[in-house]
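Every number here is computed from the coordinates shown, using simple stated rules; none is lab data. Computed from a predicted structure; not experimentally measured. Ideal geometry is used to build each Cβ from the backbone, glycine not excepted, and the neighbour counts take in all protein chains shown.
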Amino acid sequence: MAIIRRLPETLVNRIAAGEVVERPASALKELIENAIDAGAARISVSIADGGLSRLEVTDDGCGMSPDDIALALERHATSKLPDEAIEQVATLGFRGEALPSIASVARLTLESRPREAEQGWSRTVDHGALASEGPAALPPGTRVRVENLFARVPARRKFLRSERSEYAACLDVVRRLAMARPDISFHFEHNGRRILGLQAGERLEARVAGIVDRALADNSVAVDLERGAMRLSGVAGLPTFNRGVADHQYLFVNGRPVKDRLLTGAVRGAYAGMLARDRHAVLALFLDLPAEDVDVNVHPAKTEVRFRDAAGVRGFIVSGLRQALATGDQRSAQTPDAGAMSRWQAEPARAAEPAAALRSIFSARDWAGVSQPVREPAPAWRGAEGASVADPPAGRAEPSAPLPDEAESYPLGVARGQVALTYIVAEAADGLVIVDQHAAHERLVLERLRAAREASGQAASQVLLMPEVVELDEPDCDRLEEQQERFAEVGLAIERFGPGAMLVRAVPAMLAGAEPAALLRDVADDLARHGDGLLLAERIEHVLATMACHGSVRAGRPLSVPEMNALLREMERTPRSGQCNHGRPTWIKLSMADVEKLFGRH
């Protein structure tokens with residue numbers, strides 16, 4: 001039988017480090033949270049080589065005495081729990097494991113000076129062993145430097161990602177914590193280059209927009225709702241301002257950045273019916289509730305929480321977000337009218353002012369063509385005399401005519417018109433066909449791009465008259481730069497244009513009408529979502545699908561009848577044209593028997 005024994009202190013510390021310190025970003029998170037809890041008004045972060053070789057956090061907080069410095073490097077020592085009421089945690093950290101855990105797998109130098117002290121004190125611990133200590137010259141506050149993380153733990157070091165990936169994770173940590181505290185100034189440097197410079201005193205909306213996307217300021221609504229002891233605040237992007245990945249959803253509970261499935265599910269539920277399944281909202285939400293109603297001690301890194309009333313929290317977030325989005329000046333999704341369906345149950349009656357009524361109903365749409373005065377052929381059925389009414393068209397259609405003889409060979413029929421500038425209505429020999437023009441054309445463009453690439457190995461390009469500069473996050477630019485040769489194979493010519501921008505010189509010839517900036521942003525999102533886990537061929541397939549989405553006919557674009565018929569004929573010749581690139585159907589058919597059932601004829 002194996003003998004039970006006490007583990008050595010060094011091994012215990014490494015096990016604790018495995019729970020708290022997974023990568024440079026997790027160590028950086030602990031250090032910045034300590035600085036915030038120390039009452040800092042200014043926090044400076046400097047990293048080298050993505051944090052693999054050096055992390056340094058400097059703050060102007062309360063500082064520590066030499067005795068406090070020594071105690072802070074011991075396990076389970078903390079100043080953040082004044083008593084044993086662990087459920088009343090009001091700080092970002094409280095376990096007291098971060099500093100000794102980091103010091104057990106790296107060389108950690110802790111320098112600090114209280115405001116009333118004449119000089120500071122320094123203590124260096126190298127992989128769990130005290131290396132040196134003594135006086136240090138520094139202004140009031142604390143400076144923590146972590147060097148050579150996991151240098152003596154090769155089993156952990158080999159699981160770290162590339163410098164770029166680790167840098168992107170560190171940048172995300174700084175952004176989330178800076179977003180939660182607009183009253184603190186944050187400065188972030190990587191390899192001596194300044195990345196972020198955020199000043200204290202900014203409005204929350206301005207801080208969020210400056211970190212996430214400057215365009216968010218003009219495409220968002222403010223969220224501010226209270227229910228009992230709970231309060232929800234923040235910024236929610238309009239449904240039309242969305243991204244291809246959920247990386248731009250920032251969620252906070254009592255000022256603590258979290259990644260919680262309950263909260264992300266609530267956000268998804270609030271935007272249900274306003275976003276496509278493969279699109280994600282952009283937002284920053286801050287949920288504040290009594291400390292005893294939330295358990296922050298679920299995860300060692302404190303990234304997950306547990307709510308006492310999970311259903312109540314979810315319902316509060318869903319209703320709060322929907323209420324905020326309903327005030328968006330009708331810019332994205334109109335508020336449903338609960339009485340609209342009930343009015344259809346009433347017997348139709350002639351309006352006193354038919355022309356004015358129709359104008360009010362259709363004034364929101366920019367109708368193509370000139371409306372013609374129309375006289376009702378049999379006015380007696382409405383119990384009034386005929387009147388000349390300016391009736392705006394609800395669609396555009398061909399004059400009714402018999403189907404041509406060759407229609408028997410057209411499975412999707414012959415186009416009769418367009419409804420809502422989105423759906424093509426066609427008459428087939430055996431029923432009625434309705435086609436989603438954007439979904440259908442998206443599939444056709446994708447198949448054309450695939451065929452062109454397979455035939456020649458490189459798709460034709462359309463060189464832009466003026467190359468377009470697209471501003472992106474630095475990690476997105478890194479991912480695009482790594483794949484730029486592969487993008488050239490599909491006709492997309494890009495190059496790096498500084499730390500946070502890409503230059504688009506050419507787009508695929510088939511997508512000459514696409515907007516280069518929107519196309520590149522979605523390609524970057526696609527790489528962020530799929531790039532690391534897919535083979536190169538699969539990555540190119542995802543990029544082609546993204547390009548096809550941008551190069552296809554959009555909903556809301558008027559099409560002539562010949563254009564509609566050309567689209568139908570190409571669909572009949574194209575494989576997999578029954579569904580779009582996202583799995584949605586491109587067309588449906590109502591048989592004549594189904595239509596007759598609707599009218600009670602069968």
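Sorting the segments 319-327, 127-135, 236-244 by their mean number of nearby beta carbons within 10 angstrom, highest to lowest, gives 236-244, 319-327, 127-135.
The phi-based Karplus calculation (6.51 cos²θ - 1.76 cosθ + 1.60; θ = phi - 60°) puts the 3J(HN,Hα) values of segment 104-118 at 7, 10, 7, 9, 10, 10, 10, 10, 7, 8, x, 5, 8, 7, 7 Hz, whole numbers, x for Gly and Pro. The listed peptides 29-39, 65-75, ordered by packing as a protection proxy, come out as 29-39, 65-75 (highest mean of other Cβ atoms within 10 Å first).
Here r is the Cβ-Cβ distance between ALA310 and THR240 and R0 is 35 Å; the resulting FRET efficiency, rounded to 0.05, is 0.70. Remark: the GLU205-ALA593 segment gains 134.1 nm on full extension, using 0.36 nm per residue and subtracting the alpha carbon distance. What the Cβ-Cβ distance of GLN119 and ILE4 gives, at R0 = 45 Å and to the nearest 0.05, is a FRET efficiency of 0.40. Using the average count of surrounding beta-carbon atoms within 10 Å as a protection proxy, the listed peptides 485-498, 251-264 rank, highest first, as 251-264, 485-498. Using the Karplus relation 6.51 cos²θ - 1.76 cosθ + 1.60 with θ = phi - 60°, the per-residue 3J(HN,Hα) values for segment 199-209 come to 8, 6, x, 6, 5, 4, 4, 5, 4, 5, 5 Hz, with x marking Gly and Pro. For the pair LEU464 and GLU495, label points projected 7 Å from Cα toward Cβ lie 1.4 nm apart. A simple rule links phi to the HN-Hα coupling: the Karplus curve 6.51 cos²θ - 1.76 cosθ + 1.60 with θ = phi - 60°, which for segment 221-226 gives 10, 7, 10, 7, 9, 10 Hz, with x for Gly and Pro. A straight chain from ARG42 to GLN323 at 0.36 nm per residue would run longer than the Cα-Cα distance by 97.6 nm.
The simple Förster model, with R0 at 25 Å and r as the Cβ-Cβ distance, assigns LYS259 and ALA291 a FRET efficiency of 0.80.
Between ASP430 and GLU485, the distance separating the two model label sites (each 7 Å from Cα on the Cα→Cβ line) works out to 5.2 nm. Label-to-label distance, SER162 versus ALA509, with points set 7 angstrom from Cα along the beta-carbon direction: 3.2 nm.
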